[in-house]
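What follows is a single structure, written as C-alpha cells, with notes after it.
The values are calculated or read from the model by the stated rules, or taken from the named source; none is laboratory data. This structure is a prediction, so every number in the text was calculated from the model and none was measured. When we count neighbours, we look across all protein chains shown, and the Cβ atoms used for this are built from the backbone with ideal geometry, even at glycine. These area figures cover heavy atoms from the full protein model, side chains too; ligands, DNA and RNA do not enter into them. Shrake-Rupley method; radii C 1.70, N 1.55, O 1.52, S 1.80 Å.
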Amino acid sequence: MAANFFHSVVSTDHLSLTWPDGTQCFAEVSVDINRRVTAIVGDNGSGKSSFLKILAGELMPSSGSFRVPERRGYLPQHASVEGHSVLDLLGIRDIVEALERIESGGVDEHDFELVEGHWDIREHAETVLSDAGISEPKNLSRAAQSLSGGEAVKVALAGLQLRTPELYLLDEPTNNLDRAGREAVYEFLARSTVPVVVVSHDRELLSMADEIIEFFAGRVRSFPGNYSAYESVIAREQEKAVQAWTEARSQRKQAVRKRQEMETRLARDVRRGKKFAASKRKPGMAMGLDKQRSERSAARRHSSHAASVEDARREEYEAQLRIRDDASVFLHLPESRLPQGTKVVELTPRGGERSLIVTGPERLRLSGANGSGKTTLLRTIAGDADAAARSNFQVAYALSDIGFVRQLITLPAENTVWDVVRAANPEADPQRLRDHLAQLLFINDDVSKKCGELSGGERFRVEVARTLLAQPAPRLLLLDEPTNNLDLSTVQWLVDTLAGFEGALIVVSHDEKFCEDIGLEGWIDL
C-alpha cells in the first residue's frame, strides 16, 4: 500500500502516564503521526490502549502535551452491544433525540446546538448503513444484539463516519470478529481518506499499515512501512545486537584471562622475592625499598586489570540488554502422540445426515460465522451436557483424553502457577514437571507467581501449560479463539508450543496467519 502523507495529524511531546499507585505506564513519548494508516504494536500492558485513550480524550496524561484534531472518531476495544440499539451503536442518539424534540415543538437552545449541521442525520445514517450492506437500514431503533458480529462492527464504523472526523482511533477493531467482520474492518481501512491510528495484533490488518509505532521495554519508536518491513528492521538490529554481545562476551573472557595470568605472574614474583630475601644478597634497607616498589606496582596492575574486567562486564551487560527476549519453546510431548488414522471424534448432525469422523493426528479448523455454534460444538465434544443439549451435533464417539482451552480463562487468584499445574498432574515427578514448565518458559521464580498477579498473556500461558501437562495428557486438543486479546509474542509462544503437540487438534480461529503457522490441514464448516 502506498504511504500517503498528511500534515502531522497527531503530535506528542514527552507524553507520560503514571497510574495512581505510582506504576509507570509509559514515559516521554514524542511522536509525529502523518501517515494514512498508522498501527501501534507492542506486548499487552505496554501502554498502547492507554495511549490511544489519551488521544481520544478519554484519559489525561500525567505529563507532557499532545495535539490532535478536534473531531475524532474513537472505537474502543470492548464496545458492548448488549442493551443498545443501532442508534446507540452509531453514537448519534443524542442528536436524533434532540432533533425529535425540536420537531415536536421544543425550543431548548442546547438541542439546537446538538443538531446544528446534522439536520439530515437520520437520512445520512440510513444511507451510510445501506452502503455498508446492513439490512433494514431505516430501522435505527433495532436492537444491536440482532446484528451479527460483522454487521455490528460495520454499524460502529459507520457511526464514526457520520460525525465526519479528521482522525480515526481504533483499538483492536478485529478482536472477536468472524471473517465477515474482519473483512469489514479491512475494507474500511482500504477506503478511508481520513488518517487512521489503530492498535492491533492482527497480522493481516498490520500488513495494511503505512507506519508502525512500537511500544517496547519503555521505549516508543516509529518504523515506516507495514509490519513485514518493521520485522525486517528488527531482525537486522537483533542480528547486530547478538554479534555485539558475542564480541563483548569474548572481550570479557579475555579480560578475565589476562587478570588471571597477571595474578599468576605476581604470585610467582612474590615467591621469587621471598627466596631472594632469604639469600640476603642486598642490605635490609634496599630489600625493603624493593618490596615497597613491587607492592605498589602489583597494586597498580591489580587495579588496572580489575577495571578492565569491570568495563568488559558492563559492556557485555549493556550489549545483552539490546537483545530482545525471543526465547523459543522446545516442548516434546510424546504422551500426546496418536497413530495415523486413529479415530478421534465422530459427529452426527441432528437430523440423521452422514456422520463426520475426525482421525488423528489431524489438525482441523472449525469455521463458520459468529453465532453458528462453533463454541457450542467444542464444548459438546469436551463433554459439556448443557452445550450438548443445544448443539446441532451429537457426539457418537470421542477420545477420553481431551484438553480444552476456552476463550474465557478462570484461574484461582491465590494459587501460584505451580499450584495450578501441579493440581492437573499430582502424580508427576516434581522435577520432570518443572523441566516441562521451563521448556514452556516458566523459569525459576515464574512458577511462584500468584495467578491473581498475572497479565492476560501469562494467564493464557498457564492455562495452556495446565492443559498440556495434565495427566492423562490430552491426545485431542480443542482451542476456542486462542489468539483473541493476545499480543504477538504470546501468539508466537503458542505456535512454538503446539509444534511439540503430537495429537489431534480442532481450532476455532479467525486469525489466518495463526492458522497457517500451526499447520491446520482441513476444515469443518458449520
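Projected onto planes of every orientation and averaged, the convex hull of the alpha-carbon atoms in the range 362-450 covers 8.2 nm². On C-alpha positions alone, give me the angle between the axis of helix 93-103 and the longest principal axis of the chain, in degrees, nearest 10. In the chain, helix 93-103 runs at an angle near 30 degrees to the longest axis.
If I take all pairs of Cα atoms in the range 80-155, what percentage of them are more than 16 Å from each other? Here the tail beyond 16 Å accounts for 49 percent of pairs. Over the chain, DSSP H runs of length four or greater, each weighted -39,500 (n - 2.57), average out per residue to a 222 nm ellipticity of -14000 deg cm²/dmol.
In a fully extended conformation the segment linking Ala413 and Gln77 would gain 118.5 nm over its present Cα-Cα distance, using 0.36 nm per residue.
Normalised by the number of residues in the chain, the average gap of Cα pairs under 8 Å and 6 or more apart makes the relative contact order 15 percent.
Max-minus-min Cα coordinates of the range 19-156 on each principal axis give 51, 38, 33 Å, with the largest extent listed first. Estimated from the Cβ-Cβ distance and a Förster radius of 45 angstrom, the FRET efficiency linking Arg191 and Thr18 is about 0.70. Label separation (Arg163 vs Ala428): 4.9 nm, computed from points 7 Å beyond Cα along the C-beta direction. Tell me the label only: which of [x] 27.1; [y] 29.7; [z] 27.9 is Kirkwood radius over Cα pairs in Å as calculated from this structure? Only one listed value fits the structure, namely [z]. Separation of the range 380-428 and the range 35-81 by C-alpha centroid, Å? Taking the Cα centre of each part, the range 380-428 and the range 35-81 sit 37 Å apart. What separates the Cα centres of the range 15-29 and the range 347-362 is a distance of 53 Å.
Approximating the spin labels as points 7 Å out from Cα along Cα→Cβ, the Glu109-to-Gln243 distance works out to 7.0 nm. Across the range 408-518, counting alpha-carbon atoms alone, Rg and Dmax equal 13.6, 38 Å.
Exposure here means at most 15 other Cβ atoms within 10 Å; with GluC sites (Glu not before Pro) in a DSSP loop as sites, the longest stretch of the chain lacking them is 167-352.
For the range 412-469, the per residue solvent-accessible surface stands at 49 Å², with DNA, RNA and ligands left out and a 1.4 Å probe.
The stretch between Glu353 and Glu116 holds 79.4 nm of extra length on full extension. This uses 0.36 nm per residue minus the Cα-Cα distance. Counting only alpha carbon atoms, the long axis of helix 149-162 and the longest principal axis of the chain meet at about 90°. Angle check, please: helix 179-191 long axis (alpha carbons) against the longest principal axis of the chain (alpha carbons), in degrees 0 to 90, nearest 10. The two axes meet at around 80 degrees. Normalised by 2.2 N^0.38 Å, where N is the number of residues, the alpha-carbon radius of gyration of the range 318-473 equals 1.25.
A 1.4 Å probe run over the protein chains yields, for the range 106-207, 42 Å² of accessible area per residue, whole-number rounding. With Cβ to Cβ distances under 10 Å as the rule, what net charge do the other residues near Asp480 carry (K, R +1; D, E -1)? Net charge in that neighbourhood comes out at +2.
Using the Cβ-Cβ distance between Val395 and Glu28 with R0 = 56 Å, the FRET efficiency computed as 1/(1 + (r/R0)^6) comes to roughly 0.50.
At full extension, Ala229 and Lys253 could sit 5.0 nm farther apart than now, given 0.36 nm per residue minus the alpha carbon distance. The portion of the accessible surface of the chain made up by carbon and sulfur, rounded to a whole percent, is 48 (1.4 Å probe; DNA, RNA and ligands excluded).
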